[in-house]
């Protein structure tokens, strides 16, 4: 049977795209463990590289793949709602530190977006790029929603999330040493606020306390940015 | 069966979020509205029902897989944005360094006196 006929038979059903995704995800995780969990190469990046290479080799167009894989990605909706559970479990931490957190969160979460936006804008990036990287510090399921609202590209956003997460994991240690900070609560919060899920995974490697504060930083940044950024974007767009 | 009941709750909250967004016209995603509703419900009940935990935990564990089809897309726009990458990379990396430093410094200052362990 010619290869073309084989491919068109297989890709006639969305289960082919679903199967490819599952296989790449599991293989990516396996390789990640074999490579002793490098911070600069998260499991999701390995899996995405494998999947992209597979699509290129077998000649399945990305748009066809993405359409079929929507059988999986539709679960992002309920999965985002599910994040309400860990958020509820973080409430005791929020109560204990509500004062510093209520001041720090809006400033830090706003700056997390603004520094990068400002630099990109100065360097002459297009409005599409700005809209795509604005949610760079927000956890992926929430960030995808925000980016759809403000008209960015989901693909570029996810690339920006990867780069931001990896950079955060690398920079927090350096900056903490520079500022002589040893409090794991502060380090964890900074990891989650700036580096979303990738930063949170890094924080859990430091200690459970750092991990808990990273989850807190990640959830609060996600909510704050989801409520403020689309509104701010609309206002700025209307003004300019 | 508990996982199915929990899953139905999650879908229900998401659908409420969808209706809320449709009628208020607010620029937020249905998922975020559903998430806030879920955590408010849990806070009022004061505990996580087994059914919610049974559905939420595996879904959260699978988040990385659910965003993968989107992540792969970045490799297919590499050419489209060919000349733009240096600016994007520079903005993301320098921006992240600045914002990490600001967060650490700010929270240290704010927690300094009253909340030290």
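Every number here is computed from the coordinates shown, using simple stated rules; none is lab data. No experiment lies behind these values; they were computed from the predicted model shown. Don't worry about glycine lacking a Cβ; one is built from the backbone with ideal geometry, like all the others, and counts go over all protein chains shown.
What the table below lists for this structure:
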| item | result |
| --- | --- |
| Percentage relative contact order, the stretch A:90-240, counting C-alpha pairs under 8 Å, at least six apart | 24 percent |
| Relative contact order [Cα under 8 Å, 6+ residues apart], the stretch A:65-147, whole percent | 30 percent |
| Gyration tensor verdict on the stretch B:1-71 (Cα atoms; rounded if a/c is under 1.5, prolate if a/b is larger than b/c, oblate otherwise) | oblate |
| In degrees, nearest ten, helix B:30-45 long axis to first principal axis of chain B (Cα) | 50 degrees |
| Residues residue B:40 and residue A:8, FRET efficiency given R0 of 56 Å [Cβ-Cβ distance, rounded to 0.05] | 0.70 |
| Gaussian network model of chain B, Cα within-10 Å springs - most flexible of B:34, B:25, B:70 | B:25 |
| Acute angle (nearest 10 degrees) that the helix A:98-122 long axis makes with the longest principal axis of chain A, alpha-carbon atoms | 50 degrees |
| Ranking of A:81, B:48 by count of other Cβ atoms within 10 Å, fewest first | B:48, A:81 |
| Three-way shape call for the stretch A:1-95 based on the alpha-carbon gyration tensor, with the a/c threshold at 1.5 | oblate |
| Sorted by Cβ neighbour density within 10 Å, fewest at the top, the residues B:22, A:93 | B:22, A:93 |
| Alpha-carbon centroid distance for the pair the stretch A:180-231 / the stretch A:87-138, whole angstrom | 11 Å |
| Ranking of A:58, B:44, A:150 by count of other Cβ atoms within 10 Å, fewest first | B:44, A:58, A:150 |
| Evaluated over the stretch A:111-240, the Cα radius of gyration and Dmax, each in Å | 14.7, 46 |
| Fluctuation leader among B:58, B:86, B:69 - chain B, Gaussian network, Cα springs under 10 angstrom | B:86 |
| For the stretch A:40-162: Kirkwood Rh in Å [reciprocal of mean 1/r, alpha carbons] | 17.0 Å |
| Rg/Rg_ref, chain A, where Rg_ref = 2.2 N^0.38 Å and atoms are Cα | 1.10 |
| Over the protein assembly as shown: helical MRE at 222 nm, DSSP H runs n ≥ 4 each giving -39500 (n - 2.57), nearest 500 | -26500 deg cm²/dmol |
| Rounded tilt (10° steps) of B:63-72 against the dominant C-alpha axis of chain B | 40 degrees |
| Most mobile of A:28, A:124, A:159 in a GNM of chain A (Cα contacts under 10 Å) | A:124 |
| Distance between the stretch B:68-108 and the stretch A:1-72 - C-alpha centres, whole angstrom | 24 Å |
